Structure formats: C-alpha cells, structure tokens
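Undergrad: Quick one: this structure, given as structure tokens, is what I'll be asking you about.
All of the numbers you see were taken from the coordinates with simple rules; none came from a lab. Here the structure is a predicted model, which means the values were calculated and not measured. Positions of Cβ are generated from backbone atoms using ideal geometry, with glycine treated the same way; all protein chains shown enter the neighbour counts.
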Amino acid sequence: MKKLLSLTRAAVDKYNMIDEGDKIAVGVSGGKDSVALLYTLVKLRDFYPKKFDVIAITLDYQFNGEKGNFEAIKELCKELNVEYIIKPTNLWRVIFEERKESNPCSLCAKMRRGLLHDTAKEAGCNKVALGHHLDDAAQTFMMNLLDGGRIDCFSPVSYLSRKDLYLIRPMVLVYEKDITNTVKRLNLPVVKSKCPADKTTERENVRQLIAELEKEYPHLRQKIIGAMQTDGVSGWKFG
C-alpha cells in the first residue's frame, strides 16, 4: 500500500491534480483499478495538506436486464466513510440489444463518460478521478500509433469546458502489477465484469504485444511514459 500511495501522491503533486476544497467523484466500476483508486484517495485524503472530499459513483449497466450486485463495494464505502452513488443505466440494452454493436467499446465508453460526468455534477463534484494506470497509458499510446498513426494519449489532467469539470488520473505512475498486488494483499472487493466484450478488446491485443516486445526491449512501458513526459505529449510534461 505504501508504494501505491507514494506513486499516487507523486502524480497528484507533479500534475497539480488536487486543490483545496475539491469534491472528487471516483468512477468505481468494481474492477481492481477503480477500487484501488478509491481506497488510495481516501487514505491520501487523511493526511494530504490540501483538504478535499471523495465520493464513489458506480454506473450499473444492468447486463441482461438485471441489476448489478455491488453490495461488497457498498460495504467498502461504508467502512471508508464515503458517500456511494449507484446510477442505473440502460447502456447494455442500447448497445447490445438496440444497436447490436459489433465493436461496442467505443460507443460504450462515450456514453459511459457522459453519464459519469453528469452524475458527478449532480452530486456537486468539480473533479472526476479515473483509475487509469501506467500500463493503460502505454497501451493507449501504442493503440493510437498503430491504429491511427497518431502520437497521442489520454492526459493526466484534462478540463471539460462544456461540463466545467476536471478529469484526473492519479495512478498514471503506477504499474498494474502493483495495483493487483495491493488489492490482493488488502483483500479489497472486486466485482467481475459481465460485459460480453471483456478481455476480447483491441486493448487486450496491445497489452499482449507490449508484453512480447518487453522481452527484447526491457522497460518499454516506462520508456514510453518517459518519452511522453520529455516531449510533453497530451499534457504529460511537468515541471
């Protein structure tokens, strides 16, 4: 936990992610990354010099028309003294039944972002924290390069002027394996995704590609992040 907290604080400080009086909504899907982010931000809140508040928001996709079971997440929020909002949605019905999307991830991500942002604003939040980590950033960079021919990635901090809302990614300096180890060690609750496209996406293909490349080019993920920081790609430069 100490390593996760240290790297999260480093990202928060370097990219000025948190200001005095912030109310931050953590998007909690139930997966290990979002649960680890929630836990880490609550622990950071306890000693960070700038006072801020944290709430958790889960979008219930209602796969196959059934409400999701987030009781374990609800109990965690109760233990952490964090307000927890579960927002019912019709995402599954629209994407898989009405639209019958063969490549659903792009549309799903767009709709999910809109719902999360609106729910955060309704709850009085000025920032939304997302659980993207260092591996996600390296994969996104490679996907943009290989599929779109672009040097691009998501930003550690971005501002949505139409919503008057900041998006922050406090775990962008953390390796996925460290998140996995922390979640296991602390026995944090994880809700397995029921999405039919889970683990069959382009991102999973790129994840495997990077793993293969790192056998010949060690520390490739860190080199990608370092290059983005040096050249200031998508707001990654600091200092």
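Undergrad: Residues with beta-carbon under 15 Å from that of Met228, excluding Met228: net charge, scoring Lys, Arg +1 and Asp, Glu -1?
TA: My count for the surroundings of Met228 gives +2.
Undergrad: Whole Å is fine, so just give me how far the alpha carbon centre of the stretch 26-90 lies from that of the stretch 142-180.
TA: Between the Cα centre of the stretch 26-90 and that of the stretch 142-180, the gap is 20 Å.
Undergrad: Mind checking which of Leu41, Leu146, Leu59 has the largest fluctuation in a GNM of the chain, springs on alpha carbons under 10 Å?
TA: Answer for the Gaussian network model of the chain: Leu146.
Undergrad: Can you list the residues of the stretch 17-36 with backbone N under 20 Å from a point 7 Å past the Cα of Lys121, pointing along Cα to Cβ?
TA: Residues 22-28 qualify, since their backbone N sits under 20 Å from the label point.
Undergrad: What residues have an amide H closer than 5 Å to that of Val128, excluding those fewer than 5 places away on the same chain, when H is modeled at 1.01 Å from N in the peptide plane?
TA: Close amide H contacts, sequence-distant or interchain: Ala25, Tyr166, Leu167, Ile168.
Undergrad: Using only the Cα atoms of the chain, what do you get for the radius of gyration and for Dmax, in Å?
TA: 17.6, 49
Undergrad: Continuing with this model, one more query. Calculate the all-directions average of the projected area of the stretch 120-239's alpha-carbon convex hull, and give it in nm².
TA: Here the figure is 10.0 nm², rounded to one decimal.
Undergrad: With charges set only on the Cβ (+1 for Lys and Arg, -1 for Asp and Glu), what does the dipole of the stretch 1-90 come to about its Cα centre, in debye to the nearest 20?
TA: My answer is approximately 300 debye.
Undergrad: If I build a Gaussian network model for the chain, linking alpha-carbon pairs within less than 10 angstrom, which residue out of Ala25, Ala129, Ala72 has the largest mean-square fluctuation?
TA: With Cα springs under 10 Å in the chain, the top fluctuation among Ala25, Ala129, Ala72 is at Ala72.
Undergrad: Something else: Charges at C-beta only: +1 for Lys and Arg, -1 for Asp and Glu. How large is the resulting dipole of the chain about its Cα centre, in Debye rounded to 20?
TA: Result for the chain is approximately 280 debye, rounded to the nearest 20.
Undergrad: Here's something else I'd like to know. Measure of size requested: the Rg and Dmax of the stretch 1-70, with Cα atoms as the atom set and Å as the unit; please supply both.
TA: So, for the stretch 1-70, Rg and Dmax equal 14.1, 45 Å respectively.
Undergrad: Continuing with the same structure: As a test of the formula, what do you get for the chain when each DSSP H run with n ≥ 4 contributes -39,500 (n - 2.57) and the sum is divided by the residue count, at 222 nm and rounded to the nearest 500 deg cm²/dmol?
TA: -14500 deg cm²/dmol
Undergrad: Which value, in Å³ per residue, describes the convex hull spanned by the Cα atoms of the stretch 129-186?
TA: 95
Undergrad: Anyone know which of Gln229, Gln208, Gln62 comes out most mobile in the 10 Å Cα GNM of the chain?
TA: Its mean-square fluctuation being the largest, the pick is Gln208.
Undergrad: Would you tally the net charge around Pro49, using a Cβ to Cβ cut-off of less than 12 Å, leaving Pro49 out, and scoring K and R as +1, D and E as -1?
TA: So the environment of Pro49 carries a net charge of 0.
Undergrad: Out of all DSSP beta bridges with both ends in the chain, state the antiparallel percent to the nearest 5.
TA: 20
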